[in-house]
Amino acid sequence: MKKHIVLTFLTSFLFIIIALSVVACKKEETPNIYENTEIGFQGDVIIVGAGASGLAAAKKLEEEGISYQILEATNKLGGRIQKDETFADFPIDLGAEWIHEDKSILNYLINQPGSEPNVETILYQPMNAQEVVGNTISQISNQDMVDYYANYITEYKFKNTTWYDFIVANFTQNVEQNIIYNSKVSTIDYSGDKVILTTEDGTEYEADKVILTVSIGALKSNAITFIPSLPSEKITAIQDVEFLPGFKLFMKFSDQFYPDVITCQTSSGEKTYYDVAYGKGANDHVLGLLSTGISAENYYLLNDPNTIVDTVLQELDGYFSGLASQYYLGSYIYQDWGQQTYTQGTWTSDFQAASADLIAPLDDKVYFAGETYNSSGISPVDGFYIIRGSVQSAILSGYEVVDKILE
């Protein structure tokens, strides 16, 4: 299998999230990753954003007895972790979908011992894969796929649940009541002893410390005004992070005419079709399209989800002799993250550790957390490889930033 095929396949299976992953070291006991026994801070904290990192930070603050509030711009929690339960006979991950590690990472994230999580998972190793180069589609050999999984990646997915269910089950208890929804922060003034946050409707909030978990896309677009302005090195570090536009499209068919995976060669980002029902034991046939970078930008030019779907069906008809249109049931979900006001992108798509300038707090008052701010890159953390851009990176970042505040 050509190198570019491996890389495309590798990076295409991500959303709130990256696709590089390695086999985790098995651990009989899980260390406490969010217990802080010496607390040196007793002030008020405001968390901006109720995604994975914000909720993880809130969980830890709640356990430590620290006063906090969460300001969430939208009317729901989860950030780029969302689900749909009405489209098919299994739940659909609208955002983050893969567990980019061994399944035991799920226990590690919630400080539970053992390697077997209490939710059912799927070892994700599809063998029926095809590639598109130009306008030509061809089969990837089984041996190439075996080599790929043996040498590059071990992946899991949730079987009957989603990342959203995992977040809700493990991070919202005793936390959700502190979320203030529909509160988009427009200004953060950290010039005084206290940090003053102002929302779009003019409401002001005051805190000793702020944990900012908005997407890097929101920061790139200057969606928040900082007083004083961000340091030039912080601005440069933010702009240097690759955070591509993109969307997920789910289409329902009466029969499965497609393979497990179709990777498409592209000059930037990813374009991958995949069987969303793979390993789910479902009756419904759902084909997903993950499109980021140049392919997403080209689809955006069509200006309408219905037109995008029609174009995708034409592409699939070309590969499969008209079977896409024949079997299409007329139902789809179009989840656009790249043009969504509060995200403005998909996930952090490089594999390096975040730079010191990117992670650095503002005057020890405003701290940054989220999947983008993984300080370990692809270095092992307690036997796991925490990849920047993954859900686990977001969760551990939330824990880590609270540790810094409590020091």
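Residue-by-condition table, conditions (1) out of contact with any Phe, Trp or Tyr (no Cβ under 6 Å at 6 or more places or on another chain); (2) touching a residue at least 12 places away in the same chain (Cβ under 8 Å); (3) open to solvent by 40 Å² or more (accessible area, probe 1.4 Å):
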residue	(1), (2), (3)
206	yes, yes, yes
212	no, yes, no
227	yes, yes, yes
238	yes, yes, no
256	yes, yes, yes
259	yes, yes, no
280	no, yes, no
294	yes, yes, yes
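Please work out which residue is farthest from residue 55 (Cα to Cα), limiting yourself to the stretch 346-401 and to residues that are of a type in the set (Gly, Ala, Ser) and not in a loop (DSSP other than H, G, I, E, B).
Selected residue: 356.
Looking at (1) outside any loop (DSSP other than H, G, I, E, B); (2) in contact (Cβ under 8 Å) with a residue 40 or more places away in the chain; (3) of a type outside the set (Lys, Arg), which is the only condition residue 101 fails?
Going through (1) outside any loop (DSSP other than H, G, I, E, B); (2) in contact (Cβ under 8 Å) with a residue 40 or more places away in the chain; (3) of a type outside the set (Lys, Arg) one by one, residue 101 breaks only (1).
Out of 330, 345, 338, which single residue is over 30 Å from residue 192 (Cα atoms), out of contact with any Gly (no Cβ under 6 Å at 6 or more places or on another chain) and modelled with pLDDT of 95 or more? Even if it seems obvious, please write down each step before you answer.
Numbers: 345 fails: out of contact with any Gly (no Cβ under 6 Å at 6 or more places or on another chain); 338 fails: out of contact with any Gly (no Cβ under 6 Å at 6 or more places or on another chain).
So the residue among 330, 345, 338 that is over 30 Å from residue 192 (Cα atoms), out of contact with any Gly (no Cβ under 6 Å at 6 or more places or on another chain) and modelled with pLDDT of 95 or more is 330.
Which residue pairs have Cβ atoms under 7 Å apart, sit 6 or more places apart or on different chains, and have a first residue in the stretch 125-146 that is farther than 13 Å from residue 318 by Cα and in contact (Cβ under 8 Å) with a residue 24 or more places away in the chain and a second that is open to solvent by 40 Å² or more (accessible area, probe 1.4 Å) and among the aromatic types (Phe, Trp, Tyr)?
Matching pairs, first to second residue: 126/278.
For the stretch 259-312, give me each residue that is farther than 29 Å from residue 142 by Cβ and among the acidic types (Asp, Glu).
Within the stretch 259-312, 297, 304, 310 meet the criteria.
Residues of the stretch 315-335 being part of a loop (DSSP other than H, G, I, E, B) and on the phi < 0 side of the Ramachandran plot, which ones?
Let us first name the residues in the stretch 315-335 that are part of a loop (DSSP other than H, G, I, E, B), namely 320-322.
Matches in the stretch 315-335: 320 only.
On the given criteria, is residue 338 part of a loop (DSSP other than H, G, I, E, B), within 30 Å of residue 310 (Cα to Cα) and open to solvent by less than 50 Å² (accessible area, probe 1.4 Å)?
On the way: part of a loop (DSSP other than H, G, I, E, B): yes; within 30 Å of residue 310 (Cα to Cα): yes; open to solvent by less than 50 Å² (accessible area, probe 1.4 Å): yes.
Criteria met by residue 338.
One residue is enough: does the stretch 82-89 have a residue meeting the conditions crowded, with 17+ Cβ neighbours inside 10 Å, closer than 21 Å to residue 180 by Cβ and at pLDDT 95 or above?
yes
Can you tell me which residue is surrounded by the fewest Cβ atoms within 10 Å (Cβ to Cβ) among those in the stretch 374-392 that are touching a residue at least 40 places away in the same chain (Cβ under 8 Å) and of a type in the set (Ser, Thr, Tyr)?
This residue is 385.
Looking only at the stretch 322-334, decide whether some residue is in contact (Cβ under 8 Å) with a residue 60 or more places away in the chain and within 13 Å of the chain's Cα centre (by Cα).
No, the stretch 322-334 contains no residue that is in contact (Cβ under 8 Å) with a residue 60 or more places away in the chain and within 13 Å of the chain's Cα centre (by Cα).
So how many residues does the stretch 151-161 have that are outside any strand (DSSP E or B), touching a strand residue (DSSP E or B) at 6+ places or on another chain (Cβ under 9 Å) and of a type outside the set (Val, Ile, Thr)? First the steps, then the outcome.
Taking the stretch 151-161 as the starting set, the residues that turn out to be outside any strand (DSSP E or B) are 151-155, 159-161.
Subset that is touching a strand residue (DSSP E or B) at 6+ places or on another chain (Cβ under 9 Å): 154-155, 159, 161.
Checking which are of a type outside the set (Val, Ile, Thr) leaves us with 155, 159.
Going through the stretch 151-161 one residue at a time, the tally reaches 2.
I need the full set of residues from the stretch 162-175 which are in a loop (DSSP other than H, G, I, E, B) and open to solvent by 40 Å² or more (accessible area, probe 1.4 Å), in order please.
Taking the stretch 162-175 first, the residues in a loop (DSSP other than H, G, I, E, B) are 162, 172-175.
Result: 173, 174.
From 289, 329, 358, 316, which residue is buried (at least 19 other Cβ atoms within 10 Å of the Cβ) and either of a type in the set (Val, Ile, Thr) or within 20 Å of residue 94 (Cα to Cα) (or both)? Even if it seems obvious, please write down each step before you answer.
Values: 329 fails: buried (at least 19 other Cβ atoms within 10 Å of the Cβ); 358 fails: either of a type in the set (Val, Ile, Thr) or within 20 Å of residue 94 (Cα to Cα) (or both); 316 fails: either of a type in the set (Val, Ile, Thr) or within 20 Å of residue 94 (Cα to Cα) (or both).
When all the criteria are applied, what remains is 289.
The values are calculated or read from the model by the stated rules, or taken from the named source; none is laboratory data. This is a predicted model, so every value here is computed, not measured. So basically every Cβ, Gly included, is an ideal-geometry build from the backbone, and we count neighbours across all protein chains shown. We work out accessible area using only protein heavy atoms, side chains counted, and drop any ligands, DNA or RNA first. Shrake-Rupley method; radii C 1.70, N 1.55, O 1.52, S 1.80 Å.
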